[in-house]
Every structure is written in structure tokens, then in C-alpha cells.
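The values are calculated or read from the model by the stated rules, or taken from the named source; none is laboratory data. Please read all numbers here as calculations on a predicted model, not as lab measurements. Ideal geometry is used to build each Cβ from the backbone, glycine not excepted, and the neighbour counts take in all protein chains shown.
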Amino acid sequence: MLKSQVYAMKVCMKFDVNPDFKPRCLRAYKVNELLKPEVARQLQELLDMGIIHKSTSAIASPIVCVLKGRNGENGVRLCCN
């Protein structure tokens, strides 16, 4: 998808859960120190575009960094479930 084809939509969701529900706490995956600046840049770009937003939810999925190209020569792709 081209950057010009990205559309920001505001979606609000509410999930009804049982009173005894306890969220699973998934630990964050470690990000290589060399990749942290690029990860921060991409996350800030997604925040600025309105694609993601900050949340206080007890439920979250960790991101996984995947190197693009041989040895990461084409950058980093952020993946999340």
C-alpha cells in the first residue's frame, strides 16, 4: 500500500467481559539498541498519522521487529498482533 493510500479512521470498541476476567500480561519483546531510534521514529509517525493512539488498556500486544532485506539493509518492519 502506498503512503498516499493510508486512511485514518477513528474506531471505538467496547468489550463486555466477565467480572472475574483477568487480562494476560504479555511481556514486551526486547528491541535491539541499534533499532530503537528507527522503532521510535516509526511509532511516532503512526501516532502523527492517527493510525495508532496511546492507550491505558490493561491488554496489549508486543511489537516484533523484522529486518527487511538481507541483514536489514532495507530497514525495519514493525509487526503486531
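Things worth noting here:
- Every listed requirement among (1) surrounded by 11 or more Cβ atoms within 10 Å (Cβ to Cβ); (2) more than 13 Å from the chain's Cα centre (by Cα) is met by PRO37 save one, (1).
- When residues of the stretch 53-73 are limited to those that are at pLDDT 85 or above and among the aliphatic types (A, V, I, L, M), the one surrounded by the most Cβ atoms within 10 Å (Cβ to Cβ): ILE63
- Taken residue by residue, the stretch 5-17 has at least one member that is of a type in the set (S, T, N, Q), at pLDDT below 80 and either loosely packed, with under 10 Cβ neighbours inside 10 Å or out of contact with any strand residue (DSSP E or B) (no Cβ under 8 Å at 6 or more places or on another chain) (or both).
- Cβ-Cβ under 8 Å pairs, at least 6 apart or on other chains, the stretch 26-41 side modelled with pLDDT of 90 or more, far side in a loop (DSSP other than H, G, I, E, B): GLU38/GLY75; VAL39/VAL31
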